[in-house]
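Take a look at the structure set out below.
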Amino acid sequence: MDASLASWFVVLLALFGANLPFFNERLLALIPLSRAAKPVWMRLIELGGMYVAVGAIARLLEARIGSVFPQGWEFFAVTGCLFLVFAYPGFVFRYLRKRRR
């Protein structure tokens, strides 16, 4: 896998992972919950977990391509904000969209 393809794969994976907590009522999209709806705090914890998972996959892909570059706090601040921006469509779908009854 070349660097360009790996980069686009990570971006699409981040977009999918950021919206996953908002589009289902299961824990990590696998484990059914006894509640009818997931609380907001659980969705936010899932969002953080997805950020870590996507970051780990990106680091593995970077290691396969070549050497892994050391990252400072600035990198994690920017990618965390980008992940929150990617989660915006799911948040709007879940909480801001007007439902027809």
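Every number here is computed from the coordinates shown, using simple stated rules; none is lab data. Small disclaimer: the values here were computed from a predicted structure and weren't measured. Neighbour counts run over all protein chains shown; Cβ positions are idealised from the backbone, glycine included.
Can you list residues whose amide H is under 5 Å from Leu27's amide H, if they're 5+ apart or on another chain and H is modeled 1.01 Å from N?
Leu33
Based on Cβ point charges of +1 for Lys and Arg and -1 for Asp and Glu, what charge dipole magnitude is obtained for the chain about its Cα centre, in debye rounded to the nearest 20?
It comes to approximately 880 debye.
How high is the relative contact order of region 5-101? Use alpha-carbon pairs under 8 Å, at least six apart in sequence, and give a whole percent.
For region 5-101, the relative contact order is 42 percent.
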